[in-house]
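So the structure is just underneath, and the comments pick up after that.
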Amino acid sequence: MINIIEVKKEKKNIYAIAKDSPFYPDGKGGQLGDRGKIGDANVLFVESKNDNYYHLIDKEIEPGEYEYEIDLNRRKDIAQQHTAQHIISAVFEQIADMDTLGFRVGEEYTTIDLNYKSEKYAEKAERISNEIIQKCIEVEEIFTTVDKIHEYNLRKPLSNKVKGTVRLIKIGDFDINPCGGFHVKNTGEIGLIKIIDREKIKGSLIRYYFVAGNRALKDYSERIKITKTISNLMTSKIKDTPERVEETINKMKEYKSKYEKLNEKYAELIARDIISNTEIVNGIKFIYLDSNEDFVSYLPKFLPMEEAIYIVKKENRYEISSKKVNCKELINNIKKDFPEIKGGGGENRGSIIGNISIEEIKKYL
């Protein structure tokens, strides 16, 4: 049973508050929290604050005692990711002296942030991690105290903030580390770990993204489906797909180049007709088109921009170019009278977005 001492509404959120809770809170130890039910209300998020547990629920309930249900499949998934993090972090430290300075177990993947040495160790770290998983090593919980912590060869020093009892996670003789999150009982329960991405982040850190357990199988399945779809679209065997994709991209680049040249040539031809039929507004050649066609962006190259203002309307956006009129001043003057208009630009080019007619714009020339 869980005793809800208060139900609190904050905007659209409903929180069931308890002094004690069987639900693991989100963010504690860098991992995800529990989901499940309190009575017939679904638990969407769990937070520990002000010495209480705040359970975000999807319907209002009354304070009191309730039966609860915890999503054990979710716990197993988190345990797979979290124990896999212990393993791969320890491997990176052992083979490359790359310490894990931060990690996060997310809903889709887990990340570890390491002090950067080289990216060449990733493949080896993944291989060794999977070898450890396949050995089905026992994962033990050890409870000790701060004054006895020196008896254990910890991978990561214990924080000075920790007092009293300390929970250690020991993976055979391979790794031991203080931790309070979910973990498997045996490395074999993880099944598989796969690095799926990497990126350099602030300072000298590198972030690795990985999936483990059922997440890794799901990721593998999705990648196979995507690969097969691309292979079918390319009408090629899977092993030949990269080459066919590269060929297609090169052809597209070639076609794009030809298309742009055709648009430029068409713009040159259209410009002759436009110039001969140009409207004059206050001594300025006023050229206006309402068009989404690609050739319009090439027109300024063939128009007398030192004598004209060229405006193209694309849906509710006006693109303005001129070497005769200061576009920045023009746009600012329009925005003074039409505060709802968005836009800006420089002396020779700018744009505005909003509900204004071309006849209104003419009045500002």
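In whole Å, what three semi-axes, largest first, describe the equivalent ellipsoid of the range 95-168 built from its Cα gyration tensor (square root of 5 times each eigenvalue)?
After diagonalising the Cα gyration tensor, the semi-axes are 27, 17, 14 Å.
Per-residue accessible area for Thr165 at 1.4 Å probe radius, Å² rounded to 10?
100
Measure up Lys28/Lys135; Lys76/Lys185; Lys8/Lys49; Lys120/Lys200; Lys335/Lys362 against 18 Å on the Cα-Cα distance and list the ones that go over.
Cα-Cα > 18 Å for Lys28/Lys135; rest within.
If I take every Cα pair under 8 Å that is 6 or more residues apart in the chain, average their sequence separation and divide by the length, what percent do I get for the relative contact order?
Relative contact order here is 10 percent.
Along the Cα-to-Cβ line of Asn292, 7 Å from the Cα, sits a label point; which residues in the range 306-327 have backbone N less than 16 Å from it?
Answer for the range 306-327: 312-319.
With a Förster radius of 56 Å, plug the Cβ-Cβ distance of Thr227 and Glu60 into 1/(1 + (r/R0)^6) and report the FRET value to the nearest 0.05.
0.75
Output the 0 to 90 degree angle, nearest 10, between the alpha-carbon long axis of helix 241-276 and the longest principal axis computed from the alpha carbons of the chain.
Helix 241-276 sits at roughly 30 degrees to that axis.
Suppose only helical runs count, i.e. DSSP H with n ≥ 4. What mean residue ellipticity at 222 nm does that imply for the chain under -39500 (n - 2.57) per run, divided by all residues and rounded to the nearest 500 deg cm²/dmol?
The helix-only estimate for the chain comes to -10000 deg cm²/dmol at 222 nm.
How much length is gained if the chain between Asn332 and Glu359 is pulled fully straight, taking 0.36 nm per residue apart and subtracting their Cα-Cα distance, in nm to one decimal?
Separation in residues times 0.36 nm, less the Cα-Cα distance, equals 8.0 nm.
Considering all alpha-carbon pairs of the chain, what whole percent are spaced by more than 32 angstrom?
Every Cα pair in the chain considered, those over 32 Å come to 60 percent.
I need the calculated FRET efficiency for the pair Lys218 and Asp51, taking r as the beta carbon distance and R₀ as 51 Å, to the nearest 0.05.
Rounded to the nearest 0.05, the efficiency is 0.85.
Return, ordered by residue number, the residues of the range 162-196 whose backbone nitrogen is under 20 Å from a label point located 7 Å along Cα→Cβ of Tyr209.
Residues 192-196 fall inside that zone.
Mind giving me the nanometre distance, one decimal, between the label points for Glu306 and Lys251, set 7 Å out from Cα along Cα→Cβ?
According to this spin-label approximation, the distance is 4.6 nm.
Taking a probe of 1.4 Å, how large is the accessible area per residue of the range 259-317, in Å²?
Heavy-atom accessible area per residue stands at 61 Å².
Ignoring any ligand, DNA or RNA, what whole percent of the accessible area of the chain comes from carbon and sulfur when the probe is 1.4 angstrom?
The nonpolar share, carbon plus sulfur, comes to 48 percent.
I need the GluC sites (Glu not before Pro) found in the range 266-365, filtered to DSSP loop residues with at most 16 other beta carbons within 10 Å of theirs.
Passing sites in the range 266-365 are Glu293, Glu306, Glu307, Glu315, Glu340, Glu347.
Please give the FRET efficiency for Val281 paired with Asn348, using the beta carbon to beta carbon distance and R0 = 22 Å, rounded to the nearest 0.05.
My answer for the efficiency is 0.75.
In the structure shown, do any of Lys301/Lys328; Lys313/Lys336; Lys117/Lys228 have a Cα-Cα gap over 27 Å, and if so which?
Lys117/Lys228, as the Cα separations exceed 27 Å there.
Angle between the Cα long axis of helix 214-233 and the longest principal axis of the chain, 0 to 90 degrees, nearest 10?
30
The values are calculated or read from the model by the stated rules, or taken from the named source; none is laboratory data. Model, not experiment: these values are computed from the prediction. No Cβ is skipped: glycine too gets one built from the backbone with ideal geometry, and neighbour counts run over all protein chains shown. Heads up: the accessible areas ignore ligands, DNA and RNA and are worked out on the full protein's heavy atoms, side chains in. Shrake-Rupley method; radii C 1.70, N 1.55, O 1.52, S 1.80 Å.
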